[in-house]
Each structure stands twice: as C-alpha cells, then as structure tokens.
Amino acid sequence: MPGPRLPHLETLAIHAGQSPDPTTGARAVPIYQSASFVFPDTETAASLFNLERAGHVYSRISNPTLAVLEERMAALEGAPAAIATASGQAALHLAIATLMGAGSHIVASSALYGGSHNILSYTLPRFGITTTFVDGRNLDAWRAAIRPNTRLLFGETVGNPGLDVLNVPAVAEIAHAAGLPLMVDATLTTPMLSRPIGQGADIVLHSATKFLSGHGVVIGGVLIDGGTFDWRLSNKFPTLTEPYAGFHNMVMAEESSVAAFALRARREGLRDFGATMAPMTAFQILQGLETLHVRMPRHVENARKIVAYLATHKAVAKVIYPELETHPDHALSKQLLPDGAGAVLSFEVNGGRAAGKTFIEKLGLFSHLANIGDAKSLVIHPASTTHFRMDADALKAAGIAEGTIRLSIGLEHADDLIEDLSRALAAAAKVAAT
Amino acid sequence: MNFLVEQQPAYAYTGGKPFDAAKPSIVFIHGAANDHSVWTFQARYFAHHGFNALAVDLPGHGRTFADAKTTIAAYSDWIVNLLDNGGIVKATMVGHSMGTLIALDAAARYPARVDKLGLLGTSVPMPVADALLDAAKHRPSEAFDMLNLWGHAPQMRIGASSIPGTSLTMSYRRLLERSRPGVLAKDLAACRAFSPGESTLESITAPTLILSGTRDMMTPPKASAAVANAITGARLVSLEMVGHAMMQEAPGRVVDELAAFLKP
C-alpha cells in the first residue's frame, strides 16, 4: 500500500480549501455576502486586528468565500498563499505596488497581454515605475536590461497573442542571479498545463476571468506567493524586510518566513487600494475550478484539431501555435507544456485587413469579443482591439500583424467549429481574390 | 531582534513588541528544521498581553546562522545562555515537537530557570523512523514530504485552513525547503538520541501543560499522555481533529489553552 501523499491536482481543484460548512452542513461553498464579521468580544476584536488570531474582520481584507478560492489556488499552484483580486489587472497592480515604489524598474517580455502592456508602458511611469520590454526569447536581452533599480522580471507562460512560450527556468535563473524575483502570468495555461513555481517562478498571477472560471461570466484575478524568494537575502525589498509604520512596524519577512509578500499585499495592498474580489465572483470561479481538469484537456484537444485544419487551409497564410513545428518555441513548448500549449491560437488570413474583417463577420458559432478562456469559442482582431494602443513597432515586437486573428477555442464539438471556420474562410478568400 | 548567544548572533521574534526582561518571559522553541515563524500567532498574542515573548530561531535555523547543534542538551544549554545574556532569570518554556525535548531538558537540568512548561506535541523518547532519518540524510525532499504529510491532520491535505488565503501544507513544505542542508537530519538524530534518565520526567517540578492533537501522527496522543502521566501534576489537553502542526492548524485554540495556563 502506498504511503500518505498529497492529493492529485484533480482532487485539489474540487476540494482544496473547503470542508462542509460546520454550522449548516452545506456541501457547496457558501457565499458569505457580508461586508463584516461580528466579534464575539472586544478582546477578540483587538486580537484579530493585531494578527494575534486568525479570522475575518472586513471583506476588503478577507472573506470566507474568497478564502476557499485563495487556498484552492495556492494548493493548485503549490504555493503557501494566494490573494483573490477584483481582476487580473488588479492582481498585477497589487504585486507591483507591494514590491516597489517610485524609482523602481521592471524588465518584462514584450509578448504581453495588451492590458498589462498599458499599465507598464503608460500608467506606472506616471508613478515613477518604468519598464524595459525585451524579446522574451532573448535571454541575453533579459540580462542586459537589468539595472540597479530593477525589482522584478515579468512574463507570461504563453504570451498572448503571439503565443511566445516563456522559458521560465532560464529567466528565473537570470532573475535569481540578480537577486530579483520572477513573476509569471499563467492565465493561458492554468495549473492544469503549467505550474510555474515548480519551474522557478516566485510569484504567479492569473486573470481568473479566463479559463479558471471558464464561462465568461465574471471578472477576477488571483495573485500567488510561491514562497520561494528570500527577500532578506536579496536586500532590495524594504517593503518586506524593514519595519512598516502602517502596521505597527511589522517586518513582513520576520512575521512570515514563507509568505511575506502575500502578507504585505493583503495587509497593505487590499487594505489601501481595495481591489477586492466580490464573494459571488469567488463562488463562480470556484464552480469553474471544479471542472478545470476536465475542461482544459478538452480545450487543448479542440485547439489542436483547429490548428491542424487551419495549417493546411489555402486561405490561411500562417498559423501560430507553440505545438506547431514552425513555431519558434516548439521545443520549449514540448519541454515546459507537455500537456498542451493552451487553447488560444493566432493565424493570418490571406488578403490583409479587409479579408480579416469579412472572416470575422461571417463567423456564426465563434463570438467576436474581447475575451479568452470561455466555454464558447471566441475571435478577435488584436491590432484593432486589444492591442490598438500599441504602435507598429510594438505590435511587431508582440508578434501581431495587421491581419492577425486570435481564436480562443471553446468546448463545442470540433467539427462544428471547423464548419464555421470553413464558411468564414471561404468568404474571406473571395475578398482576397478581388 | 538579535541577541548574542555563545558569542554568536541569535535571532528571536518578539511578537511585535520590544524586548522587555522586566515582564514575565516566554521562550517559544520550534521543532526540527523549523523556525520562529511557526509561533507567529502565539508570540504576537502573548507579547500584546503582558509577556516578554521570544520565539527563537535555534542555531542553524532561520536567522540564527551559528551551526546547528547535534544534541538536545546542547540546544537547551544554548537556550539558557540566551536567558543569561538577555538578563532573564526565569522563563516559561513552550516547545513544539523537538522543542518540547529542549524545554524538558532545560527544566530538568536548570530547574531554577524554568517557570512553567508548555509541551505541544511531545513524546519521550521521541522515536524517528529509520526511513525518515535516512531520507533526511540522503533525500531531503522525500523527508520533507514525509514530515509534511505526517505533520498535519489528514484532513489538512485538503484544508480548510483557519488562516485566510493560506495553504498550510504548502507553507510547511516551503519552510522545510528553506532549512539549511543537513539540519533536518541533525535535528532528527538529536531527537532520536535524546534519552533522559529514568528520573528526568519525574524530577520536573515546573507546572506543565501538554497539548496533544487527536490526529497527531508524529507524536501520537498516547505518547503525549505518557509524558503527562510521568510529570507530577501535568495537565493534558486534547485538541480534537488537530494534527502535529497545531500552532497553524488551530492557532486560536492553542492561544486559548496557553493563555488559561499562563494566567497569573
């Protein structure tokens, strides 16, 4: 008989962080739609505020429904702690605001979600935090971009929409050699396809809006502290290693040996910036998580069929998916993403912008909208929507052409999706021929 | 804050309050390959309730960079030296797992320095399986897994944690990974080798509280009960559904029991 072991990911996705409600016996996670929680007495109230006791005070800081989601995501990522946020963007901001202040610098892959590119390029410089974007595949470029004031390296497991695969172990090594943490956005892969902390990343974030919830009904994010980075040894992060006057001179890295980052993010970031997730949202994401291990393989299976179809279609100039041998990260994808490179892919339709417009408008099953990671298949033209603020050079650096179309493959029958694509490609081909 | 112990810097977490030897002192002593952070809730509580709380990092652990000791007696000598250098005449000693052996040894050999004893998850002797010791020496990652699984009540492999947003098993795994190479094997060997004289437990006069988790697989309830039977006047409290990592699994219940015990 095998010895005791931690449960498999599939079991954690359904159960981690929850036991049946002790008061009512409710088996599903209750939605604690309450702003505050009653103190049994003044003594306990003071102890809760001062972190002498564990518990919930006010839902901006913590909430029992969110706590289930947070513990479940921590378990799935193999991490000590997680924080649910109002959106993926809120998770990104919370991470940066926790680690650094004005005068700091970030090195990021240029292959980023457009929203992440916006905050790093345009918004954070106004607060004194600048970013150097590098070709994520060029390890020398990562190294060269690090400055004395750099505080973070950042990339996506699979960079949307160019589908660049981040070499997490190699970039982590570069970060750690410089005494810096690596943060990875793992939205496109989820813990079912990639667990970046085990590959060397220190912080992971997700837009839970996408595959984690999986049904396109909520906006949410999760920030995960891998507990792997030694803030004291690095000596570059006073927010974690020096007394914090905003919380009775608490030194986060002394208070928590393995989750100082999450401690500060919750006690300062959620308290002060307040980008907290709503309990109902956490409940809906938990519903999604319970089937994540079933959905992701089906997403990947469908995506592979669509890729195979598009790759041989005459109306298609190019298909971008890491599992294709033509993709620059093909080998890396096999190494780091053996269970699949996700269900988002890009392709270029012949005939440029006009053919692309016709293609999108002729689709029936695919929904034209700005999202990914839904049970429904989705389509968008990044150059005119998600990445419209990027200039031509930035678009090129992110692997986006004028005619690039991004698909997020859902859970419909693949044959029906292919039939839909076939009709739209035929119409696009007519436009291209004129 | 840092102290000087045996001529080398030694770290102790003071629970968010300044060190004050004029107050009644409590020394919290962690287990094998752990550090002060396992006591965060308890140290903070007592530091803010009239006590001088010191959750130490034993040598070779956490922020105390002196070499780890190889015997329980050497650790208890180190604790007493910490009291000497901190100007503390007498302290309550609260230990967990290996820390209980250190506290017991200190109480037996330095009775004038130990006010009260709190033993959380104890066993005398403290057997360590050959498989665990061998893994700790040669395959530490495997040993960390064993300690993590046996160190929590079975239901904690799923949760739910009482600490919002925290996975207790993943936190503990990461804490063990942070221990310095070889320290776990040294600590486990010290636990296994600890062999108090027959009269050691019987000789202890300090008022003693023993907390035992009913689902503790590392130091099972019957082992804690045997220690309670051997120490005159010792009080045994069972924590239902709690495993070995009781300070994290049931932080509030541990605080409540210690507070009742230490009430002046």
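The values are calculated or read from the model by the stated rules, or taken from the named source; none is laboratory data. If you're wondering where the values come from, they're calculated on a predicted model, not measured in any experiment. Neighbour counts are summed over all protein chains in view; Cβ atoms, including those assigned to glycine, are modelled from backbone coordinates with ideal geometry.
Filtered by the rule that a residue be under 16 Å from the mean Cα position of the chain (by Cα), among the small types (G, A, S) and surrounded by 24 or more Cβ atoms within 10 Å (Cβ to Cβ), region A:171-227 gives A:A186, A:S194, A:A201, A:S207, A:A208, A:S213, A:G214, A:G220, A:G221, A:G226. Restricting A:R5, A:R60, A:R72, A:R53 to residues that are among the basic types (K, R), crowded, with 24+ Cβ neighbours inside 10 Å and touching a helix residue (DSSP H, G or I) at 6+ places or on another chain (Cβ under 9 Å) narrows the list to A:R72.
Checked against (1) within 14 Å of chain A (Cβ to nearest Cβ); (2) hydroxyl-bearing (S, T, Y); (3) over 22 Å from B:N2 (Cβ atoms), B:T64 meets all criteria but (3).
Annotation note: Cβ proximity below 6 Å between a residue of region A:331-346 that is under 11 Å from A:M192 (Cα atoms) and a residue that is part of a helix (DSSP H, G or I) and among the β-branched types (V, I, T) (sequence gap 6+ or interchain) occurs for A:G340/A:V300. Against the condition free of Cβ contacts under 8 Å to residues at least 24 places away in the same chain and either out of contact with any Cys (no Cβ under 7 Å at 6 or more places or on another chain) or more than 20 Å from B:A33 (Cα to Cα) (or both), how does B:A129 come out, does it pass? The answer is yes for B:A129. Of everything listed in (1) touching a residue at least 24 places away in the same chain (Cβ under 8 Å); (2) within 14 Å of chain A (Cβ to nearest Cβ), the single unmet condition for B:E142 is (1). Checked against (1) touching a strand residue (DSSP E or B) at 6+ places or on another chain (Cβ under 7 Å); (2) outside any helix (DSSP H, G or I); (3) farther than 30 Å from A:T44 by Cα; (4) of a type in the set (S, T, N, Q), B:N85 meets all criteria but (2). Just one of the listed residues (A:T209, A:T239, A:T228) is hydroxyl-bearing (S, T, Y) and within 14 Å of chain B (Cβ to nearest Cβ), namely A:T228. Consider region A:244-268 and keep the residues that are more than 10 Å from chain B (Cβ to nearest Cβ) and without any contact (Cβ under 8 Å) to a residue 40 or more places away in the chain. The one that is surrounded by the fewest Cβ atoms within 10 Å (Cβ to Cβ) is A:A245. The lone criterion from (1) modelled with pLDDT under 95; (2) within 10 Å of chain B (Cβ to nearest Cβ); (3) within 22 Å of A:V171 (Cα to Cα) left unmet by A:A79 is number (1).
Restricting attention to region B:171-229, report how many residues are polar (S, T, N, Q), out of contact with any Ser or Thr (no Cβ under 8 Å at 6 or more places or on another chain) and in contact (Cβ under 8 Å) with a residue 12 or more places away in the chain. Quick ask: steps written out before the conclusion?
We begin by selecting, within region B:171-229, every residue polar (S, T, N, Q); these are B:171, B:179, B:195, B:199-200, B:203, B:205, B:208, B:212, B:214, B:219, B:224, B:229.
Of the ones still in play, those that are also out of contact with any Ser or Thr (no Cβ under 8 Å at 6 or more places or on another chain) are B:171, B:179, B:195, B:199-200, B:203, B:208, B:229.
Those left that are additionally in contact (Cβ under 8 Å) with a residue 12 or more places away in the chain: B:171, B:179, B:195, B:200, B:203, B:208.
Final tally of qualifying residues: 6.
Of all residues in region B:150-166, those satisfying the criterion of being under 21 Å from the mean Cα position of the chain (by Cα) and farther than 16 Å from B:M218 by Cα are B:S161, B:S162, B:I163.
Scoring A:G114 on the criteria (1) surrounded by 24 or more Cβ atoms within 10 Å (Cβ to Cβ); (2) more than 10 Å from every other protein chain (Cβ to nearest Cβ) leaves a single failure, condition (1). Taking every residue in region A:46-67 that is facing chain B (nearest Cβ under 7 Å) and assigned to a loop (DSSP other than H, G, I, E, B) and pairing it with any residue that is modelled with pLDDT under 95 and surrounded by fewer than 21 Cβ atoms within 10 Å (Cβ to Cβ), at least 6 positions away or on another chain, the pairs with Cβ-Cβ distances below 6 Å are A:A54/B:S162.
Condition check ((1) modelled with pLDDT of 95 or more; (2) within 14 Å of chain A (Cβ to nearest Cβ)) across all residues:
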site: B:V94; (1), (2): yes, no
site: B:L104; (1), (2): yes, no
site: B:A135; (1), (2): yes, yes
site: B:G151; (1), (2): yes, yes
site: B:M170; (1), (2): yes, yes
site: B:R174; (1), (2): yes, yes
site: B:R178; (1), (2): yes, yes
site: B:P196; (1), (2): no, no
site: B:A206; (1), (2): yes, no
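Can you say whether B:A22 is modelled with pLDDT of 95 or more, crowded, with 24+ Cβ neighbours inside 10 Å and among the small types (G, A, S), as far as the supplied structure shows? No; evaluated as a whole, the condition is false for this residue.
Within region B:157-168, the set of residues being facing chain A (nearest Cβ under 7 Å) and in a helix (DSSP H, G or I) comprises B:R157 only.
Within region B:37-55, no residue satisfies the criterion of being under 17 Å from B:L4 (Cβ atoms) and at the interface with another protein chain (Cβ under 9 Å from one of its Cβ atoms). Residues that are touching a Pro at 6+ places or on another chain (Cβ under 9 Å), hydrophobic (A, V, I, L, M, F, W, C) and in a helix (DSSP H, G or I) were ranked within region A:309-341; the one that is nearest to A:D164 (Cα to Cα) is A:L332. Remark: B:L58 matches the filter, which requires a residue to be within 14 Å of chain A (Cβ to nearest Cβ) and buried (at least 22 other Cβ atoms within 10 Å of the Cβ). Restricting region A:18-36 to residues that are within 11 Å of chain B (Cβ to nearest Cβ) and modelled with pLDDT of 95 or more, the residue that is nearest to B:H49 (Cα to Cα) is A:Q18.
Scanning region A:269-286 for residues that are in a helix (DSSP H, G or I) and within 18 Å of the chain's Cα centre (by Cα), which turns out surrounded by the fewest Cβ atoms within 10 Å (Cβ to Cβ)? The selected residue is A:Q284.
Here A:K357 fulfils each of the conditions (1) over 28 Å from A:G198 (Cα atoms); (2) touching a strand residue (DSSP E or B) at 6+ places or on another chain (Cβ under 7 Å); (3) in contact (Cβ under 8 Å) with a residue 12 or more places away in the chain apart from (2).
When region B:214-239 is filtered for residues that are charged (D, E, K, R), under 17 Å from B:M126 (Cβ atoms) and surrounded by 15 or more Cβ atoms within 10 Å (Cβ to Cβ), only B:D216 remains. If only residues of region A:85-96 that are among the aliphatic types (A, V, I, L, M) and within 12 Å of the chain's Cα centre (by Cα) are counted, the one that is nearest to the other protein chains (Cβ to nearest Cβ) is A:A91.
Yes/no matrix, rows are residues, columns are (1) touching a Gly at 6+ places or on another chain (Cβ under 6 Å); (2) within 26 Å of A:L12 (Cβ to Cβ); (3) hydroxyl-bearing (S, T, Y):
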| position | (1), (2), (3) |
| --- | --- |
| A:G88 | yes, yes, no |
| A:I96 | no, no, no |
| A:L99 | no, no, no |
| A:S104 | no, no, yes |
| A:V107 | no, no, no |
| A:S110 | no, no, yes |
| A:G114 | no, no, no |
| A:T123 | no, no, yes |
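Considering only residues in region A:97-111 that are modelled with pLDDT of 95 or more and farther than 15 Å from A:M183 by Cβ, the one that is nearest to the other protein chains (Cβ to nearest Cβ) turns out to be A:G101.
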